[in-house]
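What follows is a short report on a single structure.
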Amino acid sequence: MIARLFVTLVLSIVLCQHARAGDKKEWLKLTDCRYVEWQDNDGDSFRVHCGDKEFTARLYYVDAPETNLRHGDRTREQSLHFGITLDETMNSGEKAKQRVKELLQKPFVTWTRWATAGGRGRESRYYVIIEVDGKNLAEILVSEGLARTKGVSAPLPTGEKGKEFMERLDTLESEARAKHLGAWATPKNETASPTPTATPSP
């Protein structure tokens, strides 16, 4: 009995150590990355090619409007957030998708810790931070009203805390709403308000 308790205790300690190690995953910088055309690409999830790796990247910190009703509940929730119709939400999703494609036509930098973001298919997606011309893609999308502040956050490669970055995105989202940019362009969204939700990083 004592031996079993000892083994259980040791296993618990080992698992906790692994969990802590996972929380402190090191950032990996991938340079000269390229955007890859893919049927499931959208504003916050798309294929990238970096060196000898090709995978589906999912942006940290933000959620872009859906381009279809495949996940109807999410599209409806986004519609309520932006204060627009389902059709307007999907149109905004298409604009976000095209904007990302436009911005990523030149080589860009991808930061990742290979944390999985799940996915719609069998292949995993990986959370990333993308920099194009020295600018954070998540910031660009939120500032243009093409994404909202929501999702998984993580400490940035610069050392900035994820919470602080999310708060900065929240400010950009409020400014985009006030200027009626992107998905905020419809007048009736005056009654909507940003409600950013951060999920601790895996």
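If I ask for residues that are outside any strand (DSSP E or B) and touching a strand residue (DSSP E or B) at 6+ places or on another chain (Cβ under 7 Å), which ones from the stretch 132-153 would you list? Full working, then the answer.
Filtering the stretch 132-153 down to residues outside any strand (DSSP E or B) leaves 133-134, 137-147, 153.
Those that are outside any strand (DSSP E or B) and touching a strand residue (DSSP E or B) at 6+ places or on another chain (Cβ under 7 Å): L137, A138, L141, V142, A147, S153.
Filtered by the rule that a residue be farther than 23 Å from Y127 by Cβ and either among the polar types (S, T, N, Q) or touching a Cys at 6+ places or on another chain (Cβ under 8 Å) (or both), the stretch 41-95 gives S79, T85, T89, N91.
Just to be sure, is F165 over 15 Å from the mean Cα position of the chain (by Cα), surrounded by 20 or more Cβ atoms within 10 Å (Cβ to Cβ) and touching a residue at least 60 places away in the same chain (Cβ under 8 Å)?
No; evaluated as a whole, the condition is false for this residue.
Can you tell me which residues in the stretch 125-155 are among the aliphatic types (A, V, I, L, M) and either modelled with pLDDT of 95 or more or under 19 Å from Y35 (Cα atoms) (or both)? Correct list: V128, I129, I130, V132, L137, A138, I140, L141, V142, L146, A147.
Scanning the stretch 141-161 for residues that are within 19 Å of L181 (Cβ to Cβ) and open to solvent by 20 Å² or more (accessible area, probe 1.4 Å) returns S143, E144, K150. Suppose we keep only residues that are β-branched (V, I, T), open to solvent by 10 Å² or more (accessible area, probe 1.4 Å) and touching a residue at least 24 places away in the same chain (Cβ under 8 Å) within the stretch 34-83. Which one would you say is farthest from L156 (Cα to Cα)? Ranking the candidates gives T67 first. Flag: R122 does not match the condition of being more than 17 Å from the chain's Cα centre (by Cα), modelled with pLDDT of 95 or more, open to solvent by 60 Å² or more (accessible area, probe 1.4 Å) and farther than 18 Å from E173 by Cα. Scanning the stretch 84-102 for residues that are under 16 Å from the mean Cα position of the chain (by Cα) and without any contact (Cβ under 8 Å) to a residue 60 or more places away in the chain yields G93, K97, R99. Scanning the stretch 18-33 for residues that are open to solvent by less than 100 Å² (accessible area, probe 1.4 Å) and farther than 20 Å from L156 by Cβ, which turns out modelled with the highest pLDDT? Result: D32.
The values are calculated or read from the model by the stated rules, or taken from the named source; none is laboratory data. Note that the structure is a prediction, hence the values are computed from the model and not measured. Backbone-built Cβ (ideal geometry, glycine too); neighbour counts: all protein chains shown. Just so you know, the surface numbers come from the protein's heavy atoms only, side chains and all, with ligands and any DNA or RNA stripped out. Shrake-Rupley method; radii C 1.70, N 1.55, O 1.52, S 1.80 Å.
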